[in-house]
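Undergrad: I have a structure here, written as structure tokens, and I will follow up with some questions on it.
The values are calculated or read from the model by the stated rules, or taken from the named source; none is laboratory data. Predicted model only: the values in this text are computed from it and were never measured. Please note: Cβ atoms are built from the backbone with ideal geometry, for glycine as well, and neighbour counts cover all protein chains shown.
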Amino acid sequence: MSKRFPGVKALSGMHLDLRYGEVLALVGENGAGKSTLMKVLTGIHSVDEGSFFLSGSPFEPTGPKHAQECGISIIHQEFTLMPDLTVAENLYLGREPRSGRFFLDDRRLNQQTQELIDRLGLPLDPRKLVGNLSVAKQQMVEIAKALAYDAKVLIMDEPTAALNDAEVNVLHGLIRRFVRADTGVIYISHRMNELQLISDRITVIRDGEFIRTLETRQTTMPEVISFMVGRELTSAAKHQVQTDHGEVLLSVAGLSTKHLLKDVSFELRKGEILGFAGLMGAGRTEVARAIVGADKMDSGTVTLRGKRLHIRNPADAAKHRIGYLSEDRKSLGLLLDRDVNDNVGLSSIKELFQSFGFIKAKAMLAKSEQYRKALNIKTPSVQQAARNLSGGNQQKVVIAKWLVKNCDILIFDEPTRGIDVGAKEEIYRLLNDLAREGKSIIMISSELPEALRMSHRIVVMSGGRISGVLSAAEASQERVMHFATLRPDRIVPVTEPADAGQGDGQ
Amino acid sequence: MTASTVRAAQRKWGGSMLSASGLKDRLQQFLAFASLIVIFVFFSAANSNFFNYANITSILFSTVVIGTLALGTTFVIITGGIDLSIGTGMTLCAVVSAILVVNLGIPVPLGVLGAVLFGGFIGFINGFNISVLKLPPFIATLAMMLVAQGLSLVLSHTRPIYFSDQPSYTKLSTGKLIPGLNLPNAVIILGIVAVVAGVLLNRTALGRYTYSIGSNEEATALSGINVRKWKITIYTLAGLFTGLAGVMLSARLGSAQPAGGTGYELQAIAAVVIGGTSLSGGKGSIVGTVIGALIISTLNNGLQIMSIPQEWQNVILGGVILVAVYADMARKRAA
């Protein structure tokens, strides 16, 4: 099986071949042309020049449906499932089994789905509503949906972006089962260590051009990365190991919510990067949302500089200079249709950019401009709509928003999700710089290497509770995973580490 | 970027409110404006009684009520909401105005102020129901539409209230303040409130938050903006415009007619939509709304002059709305 297409316009001289029975990884920085390539493959865009071959014969996809019928299925980064339909209804959407002409045959639908699920070995219930499933299970439904079409070629765009390590393993198992003598997988990912585990070959593209295809076993990840960015990455930004602990800035005690969190207590020091690790659904995002008042807190206290806070909504949190940067930048972090300037200034209009209700447009523009330079936000102008920026630059816009607000505490939820390797380094450097300047950072991360590398201390959560707190020196992938996978009933209540004595008496 | 580029950007009114998408917004306004011109040229050619000072003034005069309602609704629609209560709300404000001025004998300026504030109160209730009780805007304002309709009849004992002894009240609408210029005060007032609305939307924090909420309400809240408060403010603002529209209508008619009002809300929403404001929120402009309102009243006037029956006028207006919105969407798809 092969596909070749030298010379597409947004892509040029592109060349990709997928062999039978292999997992081909496709890597490239954001904007390198991966998505365009996928859209061309599934017929969403047409090709200006060049051609495809599927199993040796020429192939011209006319649209996603046609591509699917030819055996090419794609799993997009954003899920295309209907949350209000069941697993089975989703899987057979558009080709539901019927009894007679008009009536749907739900019994047969669920039966077929059960068979498919059993064949794939997935822990799914056909009758469950998709909206109630975890992100990982929704991902499985996506995959099952693709496979329900008898796909020969399965294209997965960032399939693990929302998954934790344990779930990634399940996914990889699924991929290995799918890859047989007559099928192949194209796997797009930013997570380098995964490529090593799952792929047979790696195709690197850059700026719409084919760079080269490497045998996974005969290459190293730094080599792949250097092909991607076109340069060797200099030494990774490592956090500054603090010798003396800063004062306690924020302390959270006994935080509980109705649905998930149980007695969450921790402290955040000045100039500290406090990592939050744990599996998906462990409650890390919920902690952040409860602190900033986006969700209701059932019990527990939040104390800032020794003063008890009553935060009812994110506006209150912002007043106390606590900023939350959501994991879901596109739907919770940015106004995509508004320009960079509007986004950067949004939180600070009241304090900085208005007099008597009127917007001080000039001051706001100057400020945005200043931060565009300081954070190296790549955009033709600050009047560019946020939608047109790459993931890394969008993240910088959100960061700029909170820096303009002069926040002391920044809560980053998955700061590098969906951001390419080069931009990731920049975000890391930025986090380190912020901490050095005395900002306190809570960093929720599902990427263990990231959490280990960046954090001064790591709080590990499991089942809505804190199951362990590790210092940078104590932390290792194994230890974090140990705490992250502790069953909630086996968690020993975490007492603050010995050095936290000054946090008493509150 | 240098200071001069910043200034150049600044010159484009509202500074950052315009951007890559700013150009598109202006194109829409141009499109609407071009349609208005085409309609004008068409009627001028079709009937010799159309294009003269008296008739153009009467078009402007008949734009006042719909225009005032549409200005307030523009804010609501940009947030992604809707306000169905403006039609009967306007009637209720007219009744309140009449009760204050005619029945209670309160001086006209205070009576007018009372009616406008009462409109603000209706809007405040809408805003409270929508942002605190979390009712969908459609339902909350539909309920208010019925409440206002009923209350108008209750307060007026289902009888019109006449401003016969209040010449200064009717002068608000039909008087001609500027000597020599044969322009009714109502048109001048519409001009003033349109400018006020434009400044509010483009130059103030209120306007900025209106766009933000419409673009992405949750992201706006997470950015530390008190969305709840601002939404109440925006609906209250729309209510103030409703109150003013009630005053203008009753001043023009010389009476408060408690049975009317329904249908106005849809005409106002139509004006906003024709003007390029998106019902899904985040986009829109006051200039567009003014042009949209003018298109509606020009059509009504022109068709009337051509002796086309009222029923057919509505059919044509409906067609115009479809074409306008379709053109807008087609343009967006092309962009």
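Undergrad: With a cut-off of at least 3 residues that are at pLDDT 90 or above and under 28 Å from residue A:419 (Cβ atoms), name the helices (runs of 4 or more DSSP H) lying wholly within the stretch A:205-319. Show your work before the answer.
TA: Working: elements: A:221-229, A:284-291, A:314-319.
So the answer is A:284-291, A:314-319.
Undergrad: Now, a different point. I'm told residue A:288 meets every condition in (1) within 30 Å of residue A:449 (Cβ to Cβ); (2) surrounded by fewer than 19 Cβ atoms within 10 Å (Cβ to Cβ) except one. Can you identify the failing condition by its number?
TA: Exception for residue A:288: condition (2).
Undergrad: So for the stretch B:195-214 (the condition being at pLDDT 95 or above, more than 30 Å from residue A:401 (Cα to Cα), surrounded by 17 or more Cβ atoms within 10 Å (Cβ to Cβ) and of a type outside the set (Val, Ile, Thr)), does at least one residue qualify?
TA: No, the conditions are met nowhere in the stretch B:195-214.
Undergrad: On the basis of being surrounded by fewer than 23 Cβ atoms within 10 Å (Cβ to Cβ), among the hydroxyl-bearing types (Ser, Thr, Tyr) and at pLDDT below 95, does residue B:233 make the cut? Walk me through it before giving the result.
TA: Working: surrounded by fewer than 23 Cβ atoms within 10 Å (Cβ to Cβ): yes; among the hydroxyl-bearing types (Ser, Thr, Tyr): yes; at pLDDT below 95: no.
In short, no.
Undergrad: Name the residue that is farthest from residue A:334 (Cα to Cα), counting only residues in the stretch A:366-382 that are at pLDDT 90 or above and of a type in the set (S, T, N, Q).
TA: Restricting to residues being at pLDDT 90 or above and of a type in the set (S, T, N, Q), the top hit is A:370.
Residue-wise test of (1) aliphatic (A, V, I, L, M); (2) crowded, with 24+ Cβ neighbours inside 10 Å; (3) under 19 Å from residue B:220 (Cα atoms).
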| site | (1), (2), (3) |
| --- | --- |
| A:334 | yes, yes, yes |
| A:345 | no, yes, yes |
| A:355 | no, no, no |
| A:360 | no, no, no |
| A:369 | no, no, no |
| A:380 | no, no, no |
| A:384 | no, no, yes |
| A:390 | no, no, no |
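Undergrad: Return the only residue of A:208, A:184 being among the small types (Gly, Ala, Ser) and touching a Phe, Trp or Tyr at 6+ places or on another chain (Cβ under 7 Å).
TA: On the way: A:208 fails: touching a Phe, Trp or Tyr at 6+ places or on another chain (Cβ under 7 Å).
A:184 is the lone residue from the list that is among the small types (Gly, Ala, Ser) and touching a Phe, Trp or Tyr at 6+ places or on another chain (Cβ under 7 Å).
Undergrad: Could I ask something else about it? In the stretch A:50-69, how many residues are assigned to a loop (DSSP other than H, G, I, E, B) and touching a Lys or Arg at 6+ places or on another chain (Cβ under 8 Å)?
TA: Pass one, the stretch A:50-69, residues assigned to a loop (DSSP other than H, G, I, E, B): A:50-51, A:55-56, A:60-63.
Narrowing the set further to residues that are touching a Lys or Arg at 6+ places or on another chain (Cβ under 8 Å) leaves A:50-51, A:55.
Residues meeting the conditions: 3.
Undergrad: Which of the numbered conditions does residue A:208 fail, given that it passes all the others? Conditions: (1) in contact with a helix residue (DSSP H, G or I) (Cβ under 8 Å, 6 or more places away or on another chain); (2) buried (at least 21 other Cβ atoms within 10 Å of the Cβ).
TA: Against the list (1) in contact with a helix residue (DSSP H, G or I) (Cβ under 8 Å, 6 or more places away or on another chain); (2) buried (at least 21 other Cβ atoms within 10 Å of the Cβ), residue A:208 comes up short only on (2).
Undergrad: Give B:112, B:101, B:154, B:147 a once-over and let me know the one that is assigned to a helix (DSSP H, G or I) and under 22 Å from residue B:267 (Cβ atoms).
TA: B:147
Undergrad: Hey, another quick one. Specify which of the listed residues (A:33, A:21) is in contact with an Asp or Glu (Cβ under 8 Å, 6 or more places away or on another chain) and over 19 Å from residue A:143 (Cβ atoms).
TA: Working: A:21 fails: over 19 Å from residue A:143 (Cβ atoms).
A:33 is the lone residue from the list that is in contact with an Asp or Glu (Cβ under 8 Å, 6 or more places away or on another chain) and over 19 Å from residue A:143 (Cβ atoms).
Here is a yes/no grid of residues against (1) part of a helix (DSSP H, G or I); (2) within 14 Å of chain A (Cβ to nearest Cβ):
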| residue | (1), (2) |
| --- | --- |
| B:158 | no, no |
| B:171 | yes, no |
| B:181 | no, no |
| B:187 | yes, no |
| B:193 | yes, no |
| B:198 | yes, yes |
| B:201 | yes, yes |
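Undergrad: Can you give me the number of residues within the stretch A:321-330 that are more than 10 Å from every other protein chain (Cβ to nearest Cβ) and at pLDDT 90 or above?
TA: Here is the first cut: in the stretch A:321-330, the residues more than 10 Å from every other protein chain (Cβ to nearest Cβ) are A:327.
From what is left, the residues that are at pLDDT 90 or above are none.
Final tally of qualifying residues: 0.
Undergrad: In addition: Output yes when any residue across the stretch B:237-254 is closer than 19 Å to residue B:281 by Cα, within 14 Å of chain A (Cβ to nearest Cβ) and among the hydrophobic types (A, V, I, L, M, F, W, C), and no when none is.
TA: Among the residues of the stretch B:237-254, at least one is closer than 19 Å to residue B:281 by Cα, within 14 Å of chain A (Cβ to nearest Cβ) and among the hydrophobic types (A, V, I, L, M, F, W, C), which makes the answer yes.
Undergrad: Got a sec? Which of A:40, A:47 is crowded, with 18+ Cβ neighbours inside 10 Å, part of a loop (DSSP other than H, G, I, E, B) and hydrophobic (A, V, I, L, M, F, W, C)? Working first, answer last.
TA: Values: A:40 fails: part of a loop (DSSP other than H, G, I, E, B).
It is A:47.
Undergrad: Search the stretch A:389-405 for residues being of a type outside the set (A, V, I, L, M, F, W, C) and within 12 Å of another protein chain (Cβ to nearest Cβ), and hand back the single one that is nearest to residue A:422 (Cα to Cα). Step through it out loud before you land on a result.
TA: Looking only at the stretch A:389-405, we keep the residues that are of a type outside the set (A, V, I, L, M, F, W, C), and these are A:390-396, A:401, A:405.
Among the residues that remain, those that are also within 12 Å of another protein chain (Cβ to nearest Cβ) are: A:394, A:401, A:405.
Numbers: A:394: 14, A:401: 22, A:405: 27 Å.
Per the criteria, the residue is A:394.
Undergrad: Out of everything in the stretch A:161-204 that is in a loop (DSSP other than H, G, I, E, B) and basic (Lys, Arg), what residue ends up being nearest to residue A:50 (Cα to Cα)? Can you show your working first?
TA: Residues of the stretch A:161-204 that are in a loop (DSSP other than H, G, I, E, B), as a first pass: A:161-164, A:179-183, A:189-191, A:199-200.
Narrowing further to those that are basic (Lys, Arg): A:180, A:191.
On the way: A:180: 28, A:191: 30 Å.
Out of the qualifying residues, it is A:180.
Undergrad: Scan the stretch B:256-264 and give yes if some residue there is away from chain A (no Cβ under 14 Å), within 25 Å of residue A:353 (Cα to Cα) and of a type outside the set (S, T, N, Q), otherwise no. Even if it seems obvious, please write down each step before you answer.
TA: At the first step, the residues of the stretch B:256-264 found to be away from chain A (no Cβ under 14 Å) are B:256-264.
Checking the rest, the ones that are also within 25 Å of residue A:353 (Cα to Cα) come to none.
Within the stretch B:256-264 (the criterion being away from chain A (no Cβ under 14 Å), within 25 Å of residue A:353 (Cα to Cα) and of a type outside the set (S, T, N, Q)), the answer is no, since none of the residues qualifies.
Here's the yes/no breakdown for (1) buried (at least 19 other Cβ atoms within 10 Å of the Cβ); (2) in a helix (DSSP H, G or I); (3) free of Cβ contacts under 8 Å to residues at least 60 places away in the same chain:
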residue: B:33; (1), (2), (3): no, yes, no
residue: B:36; (1), (2), (3): no, yes, no
residue: B:45; (1), (2), (3): no, yes, yes
residue: B:56; (1), (2), (3): no, yes, yes
residue: B:66; (1), (2), (3): yes, yes, no
residue: B:71; (1), (2), (3): yes, yes, no
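Undergrad: Further question on the same structure: Consider residue A:343 against the criteria (1) farther than 28 Å from residue B:278 by Cα; (2) in a helix (DSSP H, G or I); (3) not acidic (Asp, Glu): it satisfies all of them except one. Which criterion is unmet?
TA: Tallying (1) farther than 28 Å from residue B:278 by Cα; (2) in a helix (DSSP H, G or I); (3) not acidic (Asp, Glu), residue A:343 fails exactly one: (1).
Undergrad: Among the residues that make up the stretch A:406-426, is at least one of them within 14 Å of chain B (Cβ to nearest Cβ), touching a residue at least 12 places away in the same chain (Cβ under 8 Å) and out of contact with any strand residue (DSSP E or B) (no Cβ under 8 Å at 6 or more places or on another chain)? It would help to see each step written out before you state the result.
TA: Step one: of the stretch A:406-426, the residues within 14 Å of chain B (Cβ to nearest Cβ) are A:406-413.
From the residues that got through so far, the ones that are touching a residue at least 12 places away in the same chain (Cβ under 8 Å) too are A:406-413.
So of that shortlist, the ones also out of contact with any strand residue (DSSP E or B) (no Cβ under 8 Å at 6 or more places or on another chain) come out as A:406.
Checked against the condition, which is being within 14 Å of chain B (Cβ to nearest Cβ), touching a residue at least 12 places away in the same chain (Cβ under 8 Å) and out of contact with any strand residue (DSSP E or B) (no Cβ under 8 Å at 6 or more places or on another chain), the stretch A:406-426 yields at least one hit.
Undergrad: Say whether the condition of being within 21 Å of residue A:93 (Cβ to Cβ) and either among the hydrophobic types (A, V, I, L, M, F, W, C) or surrounded by fewer than 19 Cβ atoms within 10 Å (Cβ to Cβ) (or both) is met by at least one residue in the stretch A:158-165. Give the derivation first.
TA: Within the stretch A:158-165, the first condition is being within 21 Å of residue A:93 (Cβ to Cβ), and the residues that meet it are A:159.
Restricting the remaining residues to those that are either among the hydrophobic types (A, V, I, L, M, F, W, C) or surrounded by fewer than 19 Cβ atoms within 10 Å (Cβ to Cβ) (or both) gives none.
The answer is no, given that none of the residues of the stretch A:158-165 is within 21 Å of residue A:93 (Cβ to Cβ) and either among the hydrophobic types (A, V, I, L, M, F, W, C) or surrounded by fewer than 19 Cβ atoms within 10 Å (Cβ to Cβ) (or both).
Undergrad: Another question, then. Of all residues being of a type in the set (A, V, I, L, M) and under 15 Å from residue B:211 (Cα atoms) in the stretch A:331-345, which is nearest to the other protein chains (Cβ to nearest Cβ)? Just the residue, please.
TA: Going through the stretch A:331-345, the residues of a type in the set (A, V, I, L, M) turn out to be A:332, A:334-336, A:340, A:344.
Still in the running and under 15 Å from residue B:211 (Cα atoms): A:334-336, A:340, A:344.
On the way: A:334: 6, A:335: 4, A:336: 7, A:340: 8, A:344: 9 Å.
Top of the filtered list is A:335.
Undergrad: Name every residue in the stretch A:346-388 that is among the charged types (D, E, K, R) and either in contact (Cβ under 8 Å) with a residue 60 or more places away in the chain or more than 7 Å from every other protein chain (Cβ to nearest Cβ) (or both), in order of residue number. Show your work before the answer.
TA: Going residue by residue through the stretch A:346-388, those that are among the charged types (D, E, K, R) are A:350-351, A:360, A:362, A:367, A:369, A:372-373, A:378, A:387.
Within the stretch A:346-388, A:351, A:360, A:367, A:372, A:373, A:378, A:387 meet the criteria.
Undergrad: Which of the residues spanning the stretch B:203-234 are acidic (Asp, Glu) and more than 8 Å from chain A (Cβ to nearest Cβ)?
TA: B:217
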